[in-house]
């Protein structure tokens with residue numbers, strides 16, 4: 001009886017070992033390729049853009065990030081523009097270019113021709129000339145008023161008239177300064193275009209996770225076959241000893 005119990009116990013150990021080995025193989029297969037799947041492009045970051053003026057933006061997937069960034073800078077400089085701001089990571093870069101309005105079409109065409117794939121582009125409408133015309137008219141009126149007040153001041157005869165004209169002249173000069181500043185800002189916005197350029201490095205496609213059958217090798221199959229035979233042999237031996245024990249009791 002003790003021999004039968006011992007054989008059954010040995011058989012259970014063999015079964016548990018086989019189960020543990022098999023579970024280890026399955027876990028190893030299931031974990032393949034998990035680390036690579038977590039890698040991805042960095043999230044998009046916020047980037048300041050002008051509150052007025054004509055704007056445009058373009059995004060490309062490029063094979064060589066460093067070369068493309070240098071080429072974008074060269075295009076801006078060659079057109080008489082400049083790189084107002086820039087930011088670069090390991091897998092992406094973004095540049096904010098200010099380009100003369102007269103060179104915008106040529107610059108945008110060159111940016112589209114960079115080695116890579118254009119994934120997005122957008123072009124805003126030109127700055128309205130109505131605001132420029134309105135500010136220019138206000139500046140002209142104030143300039144004329146300033147000249148007349150100076151003339152009246154030169155012809156003033158009484159201290160009261162001088163004080164009154166000087167006060168009015170001061171107000172007109174302040175308004176004229178404000179309008180001229182606004183006019184200069186609008187002229188600058190009308191003469192330049194702000195272009196946002198986003199360059200993303202092309203990433204190689206992640207390899208597909210291998211199937212369980214693809215990871216089996218002959219050595220593993222042989223080990224599993226031997227373990228199965230050992231287990232089967234344990235069952236047979238247990239059965240034989242069971243029969244012997246039964247015969248002895250007869």
Query raised in the report: Listed residues 98, 32; which is at pLDDT below 95, surrounded by 12 or more Cβ atoms within 10 Å (Cβ to Cβ) and in a strand (DSSP E or B)?
Result: 98
Report summary line: Screening 157, 164 for residues that are outside any helix (DSSP H, G or I) and farther than 28 Å from residue 58 by Cα leaves only 157
**Report entry** Flag if residue 66 is surrounded by fewer than 17 Cβ atoms within 10 Å (Cβ to Cβ), farther than 17 Å from residue 194 by Cα and under 20 Å from the mean Cα position of the chain (by Cα)
**Finding:** yes
Report task. Determine whether the stretch 114-121 contains at least one residue that is surrounded by 13 or more Cβ atoms within 10 Å (Cβ to Cβ) and in a strand (DSSP E or B). Result -> yes
Report task. May I ask you to list the residues in the stretch 122-135 that are assigned to a helix (DSSP H, G or I), loosely packed, with under 13 Cβ neighbours inside 10 Å and free of Cβ contacts under 8 Å to residues at least 40 places away in the same chain? Result -> 130, 133
Query raised in the report: Do you know which residues across the stretch 173-207 are at pLDDT 85 or above and assigned to a helix (DSSP H, G or I)?
Result: 173, 174, 175, 176, 177, 178, 179, 180, 181, 182, 183, 184
Query - Residue match in the stretch 136-148 (condition: touching a strand residue (DSSP E or B) at 6+ places or on another chain (Cβ under 8 Å), surrounded by fewer than 17 Cβ atoms within 10 Å (Cβ to Cβ) and in contact (Cβ under 8 Å) with a residue 24 or more places away in the chain) - result: no
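The values are calculated or read from the model by the stated rules, or taken from the named source; none is laboratory data. Here the structure is a predicted model, which means the values were calculated and not measured. Here Cβ is always computed from backbone atoms with ideal geometry, including for glycine, and neighbour counts include all displayed protein chains.
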